[in-house]
1. Scan segment B:12-35 residue by residue and report those that are touching a helix residue (DSSP H, G or I) at 6+ places or on another chain (Cβ under 8 Å) and either hydrophobic (A, V, I, L, M, F, W, C) or within 9 Å of another protein chain (Cβ to nearest Cβ) (or both).
2. Can you confirm whether B:GLU57 is farther than 19 Å from B:THR209 by Cβ and surrounded by fewer than 21 Cβ atoms within 10 Å (Cβ to Cβ)?
3. Give the residues of segment A:197-232 that are within 12 Å of chain B (Cβ to nearest Cβ) and surrounded by 13 or more Cβ atoms within 10 Å (Cβ to Cβ), sorted by residue number.
4. Being within 14 Å of chain B (Cβ to nearest Cβ) and of a type outside the set (A, V, I, L, M, F, W, C) is the requirement here; does A:GLU183 meet it?
5. Step by step: first the residues of segment B:343-366, then only those that are under 17 Å from the mean Cα position of the chain (by Cα) and charged (D, E, K, R), then the one that is nearest to the ligand (Cβ to nearest atom). Which residue is that?
6. Please go through segment B:110-126 and pick out each residue that is touching a Gly at 6+ places or on another chain (Cβ under 9 Å) and more than 8 Å from the ligand (Cβ to nearest atom).
7. Against the condition out of contact with any helix residue (DSSP H, G or I) (no Cβ under 9 Å at 6 or more places or on another chain) and more than 12 Å from the ligand (Cβ to nearest atom), how does B:CYS217 come out, does it pass?
Amino acid sequence: MKILVPVKQVPNPDEKVKIKKDGSGIELEGVKMVLNPFCEIAVEEALRMKEKHGGEVVVVTVAGKDAELQVRTALAMGADRAILVETNEELDPAAIASALAKVYEMESPDVVIMGKQAVDDDSNQVGQILAAKLSLPQATFASKVELSEDLKKATVTREVDGGLETIEVELPAIITADLRLNEPRYASLPGIMRAKKKEMKVIPISELGIDTAPKVKVLKLEPPKERAGGVIVGSVQELVEKLKNEAKVL
Amino acid sequence: MRIVLKREEEIFIQTVRKFVKTELEPISAQVEEEDRIPEEIISKMRQLGLFGMSVPEEYGGFGFSVTGQCAVMEEMGRTNACFRTIISTNNGIGVTGLVLAGTPEQKEKYLPKIATGEYITAFALTEPGAGSDAAGIKTSAVRAGDNYVLNGTKQFITNADVASLFSVIAVTDREKKHDGLTMFLVERGTPGFTVGPPEKKMGLRGSHTCELFFDDCRVPAGNVVGGEGKGFRLAMEVLDKGRLIIAASALGAARKLLEMMVEHANQRVAFGKPIGSFQAIQWMIADSAVEIYAMENMIYSAAAEMDEGKKIPHRVAMAKLFATEKACEIADRALQVHGGMGYMKDLPVERFYRDLRLTRIYEGTSEIQRLIIARHCLKKGGEC
Ligand SMILES: Cc1cc2nc3c(=O)[nH]c(=O)nc-3n(C[C@H](O)[C@H](O)[C@H](O)COP(=O)(O)OP(=O)(O)OC[C@H]3O[C@@H](n4cnc5c(N)ncnc54)[C@H](O)[C@@H]3O)c2cc1C
């Protein structure tokens with residue numbers, strides 16, 4: 001079977017990021033980039049599917065050339081080949097989904113698995129828009145995925161508010177990975193060396209013939225409010241008084 | 001400074017960073033308590049390829065540049081020092097003699113096993129009677145047909161409890177002094193070779209250092225590395241690489257200590273203010289930052305020169321001397337900034353303080369580094 005895994009590079013979530021002076025985005029200068037953690041989970045799940053059912057794992061990203069490092073990381077984890085749809089513009093989720101839909105048509109995979117969202121802008125839209133564009137079933141927030149023997153269906157457990165939902169979708173489908181789906185493997189040195197020889201095809205986005213004009217424009221980003229320092233209370237009475245009158249939680 | 005890495009090295013550093021954060025750091029206190037790295041962590045290190053970093057690609061390793069190895073060691077320096085010790089002893093001094101001067105047969109036989117971590121390596125120079133004065137060692141190797149017969153004792157040998165292959169320096173011709181030393185590959189289990197129990201140390205718990213005893217131990221002549229009489233020079237080259245790797249791990253530890261210092265300075269309130277608002281604390285932070293910046297520049301520019309094939313023992317000595325002495329000062333300041341909490345075992349500061357102390361002693365004491373630097377300056381009219 002062929003498994004397509006769209007991935008994205010994001011600023012390292014362990015680093016503190018700064019908002020650009022004009023509020024239009026994040027200051028990326030000097031920030032280390034990593035593979036989005038949910039994408040790693042999707043790659044891992046694809047690799048497990050391949051290990052169980054055989055086939056090929058193809059990763060795809062829509063990004064600038066500098067994303068090659070993260071794509072190679074996915075190849076080092078064990079993906080077979082990669083496609084980099086090259087663009088130097090920041091695209092909105094709809095445009096990314098349009099590009100991925102084209103790649104889907106070129107590759108005709110049996111299943112698409114991707115992260116539920118990227119931890120930079122937390123859009124949580126690309127999987128859903130892609131499913132709509134391709135008129136495919138979608139199974140979002142997957143915490144467990146099981147493929148039927150004939151590879152025609154997938155049983156997916158979804159994390160929904162306060163519980164779990166198990167659904168069945170016909171393949172091909174778009175599955176988006178949640179945090180508890182698996183624990184992704186590392187890009188080991190033997191894997192990194194094997195990845196050196198794997199193919200990474202670069203396709204300029206202009207060759208896809210899609211409309212990438214943004215439908216959503218980010219107007220402004222604001223940092224969260226600075227937290228005020230804590231106070232040490234002198235007595236239980238004072239604590240109760242503060243909880244009642246200042247925090248207003250009692 | 002701009003550190004130039006190969007793409008593979010860059011990807012691997014991301015892996016190491018994640019491994020340190022999610023697997024090593026969480027068990028760091030447990031390892032300290034039990035004085036033992038769990039077997040499953042060692043086997044994960046094997047799978048990741050950490051043991052084979054410096055083994056050339058044609059022997060199943062990864063051919064990391066010195067810069068790449070320093071960058072990995074810097075990341076590993078941020079957690080309990082025993083984790084990086086097993087790796088750095090292997091890549092820094094354990095395998096380097098073989099990589100630099102081994103015969104094709106020796107490389108064929110051992111390097112692929114070292115690359116996978118099946119064979120862990122150690123380096124044995126120091127003896128009860130000679131440490132700094134390496135040419136003063138007593139362990140002897142006498143030719144007997146196709147073998148050499150080794151007799152003597154080595155002391156303080158890191159990784160000795162887990163190593164399968166030892167690079168041992170012994171005297172083949174006492175008259176010739178420096179030119180009478182030879183490096184031998186000795187496999188664990190060779191008759192006449194035994195490893196003593198782990199020493200009780202000030203720190204570096206989880207890593208073990210033992211005595212080696214050679215009692216009429218027969219080693220095949222084919223196990224001589226780099227030729228008879230070439231052992232001293234080879235050992236010095238091995239130590240050059242090892243020293244830079246130690247400096248890089250001291251840099252990682254120093255960075256971690258500065259981060260802890262700053263976090264505590266922002267949080268801890270005394271006299272109604274965060275202690276970070278007091279100038280006395282700020283100066284400790286500033287001095288540490290300056291030293292870390294200088295360390296980084298020294299280490300990575302020396303690494304870049306080594307990668308270009310230059311021989312620069314005096315600069316490596318400078319980097320090791322400066323990085324290890326300053327890392328110890330930074331640990332001391334970090335402890336001071338943490339006050340009483342810094343002295344408690346609940347925080348890792350006191351552990352860094354103890355573990356870093358070693359870096360000023362092994363692979364050449366600070367005094368020996370100064371000696372190397374001064375000799376170079378004196379010989380070259382002040383060139384540094
Ligand atoms: C935990 C640990 C692990 C180790 N691992 C290894 C290992 O894996 N392999 C290995 O071979 N060795 C290892 N060593 C040994 C280490 O390299 C030596 O301890 C070190 O080189 C110092 O030698 P020494 O202990 O004999 O001290 P000495 O040489 O006796 O030195 C004592 C003091 O005299 C000073 N001194 C000596 N000569 C001079 C001089 N000419 N000028 C000025 N001052 C001088 C020294 O700087 C030091 O302060 C390890 C040591 C420790 C503690």
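The values are calculated or read from the model by the stated rules, or taken from the named source; none is laboratory data. Keep in mind that this is a model prediction, so the values were computed, not measured. Quick reminder, even Gly has a Cβ in these numbers, built from the backbone with ideal geometry, and neighbours come from all protein chains shown.
1. Those that are touching a helix residue (DSSP H, G or I) at 6+ places or on another chain (Cβ under 8 Å) and either hydrophobic (A, V, I, L, M, F, W, C) or within 9 Å of another protein chain (Cβ to nearest Cβ) (or both): B:PHE12, B:ILE13, B:GLN14, B:THR15, B:VAL16, B:ARG17, B:PHE19, B:VAL20, B:LEU24, B:ILE27, B:VAL31.
2. Values: farther than 19 Å from B:THR209 by Cβ: yes; surrounded by fewer than 21 Cβ atoms within 10 Å (Cβ to Cβ): yes.
Criteria met by B:GLU57.
3. Across segment A:197-232, the qualifying residue is only A:MET200.
4. Details: within 14 Å of chain B (Cβ to nearest Cβ): yes; of a type outside the set (A, V, I, L, M, F, W, C): yes.
Taking the combined requirement at face value, the residue satisfies it.
5. B:GLU363
6. Those that are touching a Gly at 6+ places or on another chain (Cβ under 9 Å) and more than 8 Å from the ligand (Cβ to nearest atom): B:TYR110, B:LEU111, B:PRO112, B:LYS113, B:ILE114, B:ALA115, B:THR116, B:GLY117, B:ILE120, B:THR121.
7. Values: out of contact with any helix residue (DSSP H, G or I) (no Cβ under 9 Å at 6 or more places or on another chain): yes; more than 12 Å from the ligand (Cβ to nearest atom): yes.
Judged against the criteria, B:CYS217 is a match.
Condition check ((1) more than 28 Å from B:ILE37 (Cβ to Cβ); (2) outside the structural domain of B:GLN30 (by TED's automatic domain parsing); (3) part of a strand (DSSP E or B)) across all residues:
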position	(1), (2), (3)
B:TYR148	yes, yes, yes
B:ALA160	no, yes, no
B:ILE169	no, yes, yes
B:LEU185	no, yes, yes
B:LEU204	no, yes, no
B:PHE213	no, yes, yes
B:GLY242	no, yes, no
